[in-house]
Protein chains: 2
Amino acid sequence: MSETFQFKLIATDGKARRGVITMPRGEVRTPAFMPVGTAGTVKAMYLDQVRELGSDIILGNVYHLMLRPGAERVARLGGLHDFALWPHPILTDSGGFQVMSLASLRELDETGVRFRSHIDGSKHELTPERSIEIQGLLDSDIQMQLDECIRLPAERAEIERAMEMSLRWAERSAKAFGNQPGKAMFGIVQGGDLIDLRVRSAERLAAMDLKGYAVGGLAVGEPQDVMLATLDETLPVMPVDKPRYLMGVGTPDDILQSVARGIDMFDCVMPTRAGRHGLAYTRFGKVNLKNARHADDPRPLDEASGCPASRDYSRAYLHHLVRSNEALASMLLTWNNLAYYQSLMSGMRAAIEAGGFDDFAAATKSGWARGDLPPYG
Amino acid sequence: MSETFQFKLIATDGKARRGVITMPRGEVRTPAFMPVGTAGTVKAMYLDQVRELGSDIILGNVYHLMLRPGAERVARLGGLHDFALWPHPILTDSGGFQVMSLASLRELDETGVRFRSHIDGSKHELTPERSIEIQGLLDSDIQMQLDECIRLPAERAEIERAMEMSLRWAERSAKAFGNQPGKAMFGIVQGGDLIDLRVRSAERLAAMDLKGYAVGGLAVGEPQDVMLATLDETLPVMPVDKPRYLMGVGTPDDILQSVARGIDMFDCVMPTRAGRHGLAYTRFGKVNLKNARHADDPRPLDEASGCPASRDYSRAYLHHLVRSNEALASMLLTWNNLAYYQSLMSGMRAAIEAGGFDDFAAATKSGWARGDLPPYG
């Protein structure tokens, strides 16, 4: 293990990149998918399972953890790794995104954002400095700057104002983070769907020489082609030698298309949230296990999978568990979904190394296009 | 494995019995605790985990399974073992108890009981014959007669009427079950808290020469000493060479006291249900993890336990999960609770074999009396 935070590109295939981030708590093979561990738990999973699926890093949410159990408490308990029994790398977000989507009575200005907890109404404040402080208390390995992420579509003036303030917050965050050799703080490119603003944001962040860069404010309501077009124009301006993280993305196809454009890291609640709502991701697309067509189907979700949840349990049983609102439904479908996401990532990594990313992408899309098995019987 | 259903006593210590039930799907070491797998799942557990904790047999509920997914459907899918991926023995109840506690618009007469589903209001009927038919469709290894279980306290006439009808239903059930060498149908002793009725019920059932006998209608609201006094008078009338199953019992102390009196088998929702409500059973009694005293406590539930849920996770983390209503709270606490119950059973089995049951019981009670750890810090 390295005592410093390092990123190395191992191979490229077209614009797709195969790399590795090395840091004291372990290596992250990229392209990487980071399961979302909102409140110190990847919902309905044991973290041992999450690890066994090939997850090198998980994400923790500052907003949730600062409200409950509290960052100072987690620090007293040895940090988030010890608290949740995950000794491997953790990335934390800044809290800003959830403040905007979950908290009430938000007041945002140049200083930061004041809000009330959605849990108990208590008052809190997040500034760039406090967010970095909280992420330090959690002992997070990759910390994110506080930014302002606005929903699309939006007016140019509003997008520009938020982007410029996010740049100033990046500088404050970098100063608050200081020099921590084994850890990293990433800046976040903003600018909505306006290419010139994205480019300006990316260039100004690059000049700060941060250890990694995220693209934020995408997958917030815009069509996929807008997101991809934005990436097409933004990624060339971002440093080649730093990891690139597309925040909150996405569907398997979003991820495939973004890796093709040079993204290295992803996080998304889709596989875990879908698993709690009866939806399974497979090589052949999405399967809704609530659907009555599965009630008498003895076939597994994917008999060729290495994951027990995908291979061993019948659709009939999964359907029954979903209909009965059993915890095991969430446990098995989340397991299946994370297994599928991580197998997609591992397939992409191998394909890039072998110089066969396009073929892999075509075969993957062809599987999705084939669709699920025909009805049983 | 035996092709027939057999029960063998290996050792006795006082009235406590150490035995083994052998049947085609496996052995059940007694005294045995059967985790409750209501709807084909032991809630919030993978059945692999349930097995690894030392569970030789689990219980399935006819009432739940007949309503959803339906007994005929389970049969088409290969029976309950294949459906739930539990290849080991399964005991099913008759459905009668849940009809009384969960269904609406119940009409009970000599024929059986008609009721409406608590799920969708649909009409159903359970007769002694239909209950055995359903248990056969589920491919249950140990099937229970339909009986009428009434709440205590109750009038003598009412207790006697229900007990006498349960005896007639036992005969109808035995006839419906017929001769199935690898399986067993158990009769159920009823009679409330009235010893002469219990004795009459036990004697009449013994005369039917069934493969096992349960004591039903206890732990339904009466004090523990009434239950134990009833067992004291009833057990001597029950056949020595057949397994004895105390239905729906109970707390660790109920189980310890009942094994001391000669009971061989137990089932209860307590460890699983408590696990979903933030309660942990340990060697030192019950721990309520909702309690704020655990919020900053880095100590595990029981550092000497072999179960990861009990040994590896801090009380602070468990408290956080319970407060946050996370699925992992149920998963870990149910795991801890079943681990404790099964370690209690295994401790009793070893103690009976070694002729040290009284010492084991005294040490166990002394642990409970010691109580939980003092507050941290």
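The values are calculated or read from the model by the stated rules, or taken from the named source; none is laboratory data. Because the structure is predicted, anything quoted here is derived from the model rather than measured. Note that each Cβ is placed from the backbone with ideal geometry, even for glycine, and that neighbours are counted across all protein chains shown. Keep in mind that these areas ignore ligands, DNA and RNA; they rest on the heavy atoms of the full protein, side chains included. Shrake-Rupley method; radii C 1.70, N 1.55, O 1.52, S 1.80 Å.
Can you pick out the pairs among A:Lys242/A:Lys365; A:Lys43/A:Lys365; B:Lys8/B:Lys286 whose Cα atoms lie more than 32 Å from each other?
Correct reply: B:Lys8/B:Lys286.
Of A:Thr234, A:Thr111, A:Thr364, which is the most mobile in a GNM of chain A whose springs link Cα atoms less than 10 angstrom apart?
Highest fluctuation among the options: A:Thr111.
Could you pull the Rg and Dmax for segment A:215-351, using just the Cα atoms, both in Å?
When restricted to Cα atoms, segment A:215-351 yields Rg and Dmax of 16.8, 53 Å.
Total Å² of accessible surface buried at the B-A contact, 1.4 Å probe, nearest 100?
3000 Å²
Averaged over A:42-48, how many beta carbons belonging to a partner chain fall within 10 Å of each residue's beta carbon? Walk me through the numbers before you get to the answer.
Working: counts 3, 4, 6, 3, 8, 1, 2.
Rounded to a whole number, the mean comes out at 4.
Just to be sure I understand: of the beta bridges DSSP finds with both ends in chain A, what percent are antiparallel, rounded to 5?
50 percent
Per-residue Cβ counts within 10 Å, from other chains only, averaged over B:318-331: what number is that?
Average neighbour count from other chains, rounded to a whole number: 5.
Taking every DSSP beta bridge with both residues inside the protein assembly as shown, roughly what % is antiparallel (nearest 5)?
50 percent
Pick from A:Pro243, A:Pro300, A:Pro271: which residue has the top mean-square fluctuation in a GNM of chain A where Cα pairs under 10 Å get a spring?
Greatest mean-square fluctuation among the candidates belongs to A:Pro300.
Averaged across B:67-77, how many Cβ atoms of other chains sit within 10 Å of each residue's Cβ atom?
Mean partner shielding for this stretch: 3.
Kindly identify the protein assembly as shown as rounded, prolate or oblate by the Cα gyration tensor criterion: order the square roots of the eigenvalues as a ≥ b ≥ c, call it rounded if a/c is under 1.5, otherwise compare a/b with b/c, prolate if a/b is larger, else oblate.
On the way: a/c = 2.58, a/b = 2.00, b/c = 1.29.
Prolate shape, in that a/c is at least 1.5 and a/b is the bigger ratio.
Would you please give the residues with an amide H less than 5 Å from that of B:Asp267, counting only those at least 5 places away or on a separate chain, with H modeled from the backbone geometry?
Residues meeting the amide H criterion: B:Met34, B:Gly248, B:Val249.
List the relative contact order of segment A:225-305 as a percent without decimals, with contacts defined as Cα pairs under 8 Å and 6+ residues apart.
After rounding, I find 21 percent.
With respect to the symmetry axis carrying chain A onto chain B, which residue of chain A exhibits the smallest Cβ distance to that axis, and what is the value in whole Å?
A:Ala327, 3
How much accessible area per residue does the protein assembly as shown have, counting only protein heavy atoms and a probe of 1.4 Å, in square angstrom?
Numbers: 27950 Å² over 754 residues.
So the protein assembly as shown comes to 37 Å² accessible per residue, rounded to a whole number.
Tell me, what is the percent relative contact order of segment B:6-268, built from C-alpha pairs under 8 Å that lie six or more residues apart?
Averaging sequence separation for qualifying contacts and normalising by length gives 18 percent for segment B:6-268.
For A:His277 and A:Glu133, what is the calculated FRET efficiency with R₀ set at 30 Å and r taken between the beta-carbons, to the nearest 0.05?
Values: r = 35 Å, r/R0 = 1.18.
Rounded to the nearest 0.05, the efficiency is 0.25.
Amide H of B:Ala214 versus every other amide H placed in the peptide plane: which residues, excluding those fewer than 5 positions away on the same chain, fall under 5 Å?
B:Gly187, B:Ile188, B:Val189, B:Tyr245
Return the long-range amide H neighbours of A:Asp297 (sequence gap of 5 or more, or a different chain), with a cut-off of under 5 Å between placed amide H atoms.
So A:Asp297 has HN proximity to A:Ala316.
At 7 angstrom along the Cα-to-beta-carbon line, where would the label on A:Leu108 sit relative to the other copies? Give the distances in nm, shortest first.
Those separations, rounded to one decimal, come out as 6.2 nm.
Of B:Ala207, B:Ala295, B:Ala350, which is the most mobile in a GNM of chain B whose springs link Cα atoms less than 10 angstrom apart?
B:Ala207
Could you work out how far apart the two model spin labels at A:Phe284 and A:Ile10 are, taking each label as a point 7 Å from the Cα in the direction of the beta carbon, and quote it in nm?
3.1 nm
Per 0.36 nm of contour for each residue apart, how much would the distance between B:His118 and B:Asn291 grow if the chain were fully extended, relative to their Cα-Cα spacing?
59.0 nm
What gaps in nm, shortest first, separate B:Ala362 from its twins in the other copies when you place the label 7 Å past Cα toward the beta carbon?
Ordered by distance, the counterparts are at 8.0 nm.
If you take the square roots of the eigenvalues of the alpha-carbon gyration tensor of chain B and sort them as a ≥ b ≥ c, do you get rounded (a/c under 1.5), prolate (a/b over b/c) or oblate? Don't skip to the answer; put the middle values down first.
Details: a/c = 1.61, a/b = 1.36, b/c = 1.18.
It comes out prolate by the Cα gyration axes.
Which distances in nm, rounded to one decimal and ordered from shortest, link the label point of A:Pro24 to the equivalent label points in the other identical copies, with labels set 7 Å from Cα toward Cβ?
6.1
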